[in-house]
Amino acid sequence: MRYISTRGEAPAIGFLDAVLAGLAPDGGLYVPEVWPLLTQDEIADFAGRPYPEVCAAILARFAGDAIPHVDLLEMANEAYAGFTRSAVTPLRQLSPSTWLLELFHGPTLAFKDVAMQLLARLYEHALTAKGQTLTVVCATSGDTGGAAVEALGGLKSVRLVVLFPDGKISEVQRRFMTTSARDNVRCVAVDGTFDDCQAILKSLFQAQGFPQAVNLAAVNSINWARIAAQTVYYFTAAVALGAPQRPVSFAVPTGNFGDAFAGFAAQRMGLPIERIIVATNSNDIVARAIETGRYARGPVAQTQSPAMDIQVSSNFERLYFEAVEREGLETSRAMRAFAESGVIEIPPKALGSIRELFVGVGVSEAETAKTMVSTFHESGELIDPHTAVAVAAASRIGSKRRQTPLVVLSTAHPAKFPEAVRAAAGVDVTLPNSVRGLVKKPERIDRLPADLATIKAYVRDFAGA
Ligand SMILES: *Cc1c(COP(=O)(O)O)cnc(C)c1O
């Protein structure tokens with residue numbers, strides 16, 4: 001399987017190179033040259049199989065002959081051995097037609113662990129084959145950083161720099177990153193927003209000679225392996241609820257559109273998904289784009305669901321590329337125009353194709369808080385604020401047909417946002433041991449301005465280049 005850039009001007013590369021690369025040299029994102037297609041029988045056969053087996057079967061379709069199947073299975077087994085549920089991503093019924101898909105049973109209690117644990121094994125595999133050392137720079141809105149520190153901390157062939165927006169993430173999110181004692185990890189509190197951190201990361205990739213000098217890589221959802229790993233739970237959840245005979249709908253709390261795009265990918269691979277509800281907090285650029293056809297950047301507002309306080313959604317580019325029937329040059333034109341003007345007018349035909357699968361819903365802060373309370377009272381489930389955004393959107397929109405099961409992606413454990421849960425639902429979350437231990441550990445943080453040159457020098461220095 002080969003990977004091409006959404007901007008049409010970079011050479012196609014193999015799976016392992018795509019895993020190591022991050023952004024393509026033309027500024028685009030890698031996508032598979034063709035979508036692997038699973039037969040209905042292959043999908044049906046996933047029913048009742050252990051999660052790592054399904055993961056290896058799906059990843060094999062993305063890896064092609066780049067990785068032997070036995071190695072993929074070993075990586076998947078190792079990646080998910082540390083999850084506290086044997087199902088890895090269990091379903092929990094919320095109402096007769098609604099389920100929560102709990103994606104937060106990994107080491108840092110958010111769904112980012114699901115892909116990151118696998119990505120760490122893919123890195124080791126690829127780097128051993130190539131004899132290289134990588135410098136991973138990660139821009140985080142809170143959860144990717146912790147998952148990356150947990151997964152990549154201690155790896156010999158990887159150095160990790162995490163950029164997070166100072167003061168704009170929860171204390172538990174911060175401590176998962178900053179209390180690591182690994183010497184291959186640096187945490188930088190950037191004086192700015194997540195969008196600033198992400199823009200700096202993208203500029204590092206485009207700085208002349210810099211990616212080559214430090215062997216730069218990205219673990220944000222611009223990395224294709226993240227999306228590939230996240231398609232797996234769409235399959236396991238849908239199959240458990242009757243797919244492929246019966247279609248399933250999903251509601252996805254959305255920031256960078258990586259998780260929602262993984263749903264799109266699963267559908268392209270043959271999974272019958274009726275609808276994906278794209279749920280945003282008041283930073284609703286993606287929801288508005290789907291509703292109105294106008295993708296327009298606004299100021300970032302701080303909310304109870306900080307992992308979604310994002311205005312520039314990097315995976316929107318992958319969606320746009322698909323919606324304009326994979327016209328790389330048109331995608332490139334639109335993204336460059338967006339960088340200058342902050343607006344893309346989605347062509348009507350492309351918008352129509354996006355709306356065949358996606359519905360966008362923006363959820364207010366009050367509705368998010370109210371949903372945490374009502375969900376707790378009605379079902380006894382404490383949900384975190386990100387999950388609450390999706391539950392609220394799901395109850396507003398629902399599936400197309402009433403009998404279609406609706407799966408809400410539950411992206412974080414409520415203990416990761418205990419202040420928000422207490423403020424809304426008046427309930428103290430029981431903290432898992434992993435969170436309680438964090439409070440006693442010392443933090444290591446470097447503080448830097450949101451300035452490309454400063455951060456570039458910092459990364460170069462750490463990489464010893
Ligand atoms: C990252 C994150 C999201 C948003 O996921 P995207 O793939 O960026 O859309 C939602 N909820 C939580 C808890 C997250 O950490």
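FYI, it's all coordinate maths here, none of it is from the lab. These numbers come from a predicted model, not from an experiment. Cβ: placed from backbone, ideal geometry, glycine included. Neighbour counts: every protein chain shown.
Taken over the range 1-81, the convex hull of the Cα atoms encloses 96 Å³ per residue. Using every pair of separate Cα atoms, the Kirkwood estimate puts the hydrodynamic radius of the range 387-465 at 17.3 angstrom. How big is the antiparallel share of DSSP beta bridges in the chain, given as a percent to the nearest 5? Given both bridge residues lie in the chain, the antiparallel proportion sits at roughly 25 percent. Across the range 266-353, the mean sequence separation of Cα contacts (distance under 8 Å, 6 or more residues apart), normalised by length, yields a relative contact order of 27 percent. Computed over the range 151-264, the percent of Cα pairs more than 22 Å apart is 50. Helices of the chain meeting both criteria, an alpha-carbon length of 24 angstrom or more along the long axis and an average Kyte-Doolittle score not below -0.5, with helices taken as full DSSP H segments, are 112-130, 224-240.
Using alpha-carbon pairs under 8 Å, 6+ residues apart, how would you state the relative contact order of the chain in percent?
Across the chain, relative contact order equals 19 percent.
Taking 0.36 nm per residue of sequence separation and removing the Cα-Cα distance, the Val34/Ala457 pair yields an extension gain of 148.4 nm.
Relative contact order, whole percent, for the range 314-402 stands at 20, derived from Cα pairs under 8 Å and 6 or more residues apart. Checking every one of the GluC sites (Glu not before Pro) in the range 15-100 against DSSP loop status and a limit of 13 other Cβ atoms within 10 Å picks out Glu33.
Inter-label distance, Glu291 to Glu419: 2.9 nm, where each label sits 7 Å from its Cα along the C-beta direction. A compact globular protein would have a Cα radius of gyration near 2.2 N^0.38 Å; the ratio found for the range 232-274 is 1.08. Computed over the alpha-carbon atoms, the chain gives an Rg to Rh ratio of 0.93, Rh here being the Kirkwood radius from the mean inverse distance. Can you tell me how the range 202-295 classifies by the Cα gyration tensor, rounded, prolate or oblate, using a/c under 1.5 as the rounded cut? Oblate. Note on Arg447 and Glu9: the extension gain reaches 154.0 nm, defined as 0.36 nm multiplied by sequence separation minus the Cα-Cα distance.
The overall shape of the range 339-386, judged from the alpha-carbon gyration tensor, is prolate: a/c is not under 1.5, and a/b is greater than b/c.
Please report the spacing between the Cα centers of the range 63-109 and the range 6-37 in Å, no decimals. The range 63-109 and the range 6-37 have Cα centres separated by 25 Å.
Within a Cβ distance under 11 Å of Phe264, other residues only, what is the Lys/Arg minus Asp/Glu net charge?
For residues surrounding Phe264, the net value is -1.
Available extension along the chain between Leu329 and Ala47 is 97.4 nm, counting 0.36 nm per residue and deducting the alpha carbon span.
Across the range 294-302, rounded Karplus estimates of 3J(HN,Hα) from the backbone phi angles (6.51 cos²θ - 1.76 cosθ + 1.60, θ = phi - 60°) give 10, 9, 9, 6, x, x, 7, 9, 7 Hz, Gly and Pro being marked x.
Once you have a ≥ b ≥ c as the square roots of the Cα gyration tensor eigenvalues for the range 94-178, tell me rounded if a/c is under 1.5, and otherwise prolate or oblate according to whether a/b is larger than b/c.
oblate
Lys and Arg at +1, Asp and Glu at -1: add these up for the other residues within a Cβ distance under 14 Å of Ile455 and post the number. That works out to -1. Each other residue within a Cβ distance under 15 Å of Tyr295 adds +1 if Lys or Arg and -1 if Asp or Glu, for a net charge of -1. The calculated 222 nm mean residue ellipticity attributable to helices in the chain amounts to -14000 deg cm²/dmol, summing -39500 (n - 2.57) over DSSP H runs of n ≥ 4 and dividing by all residues.
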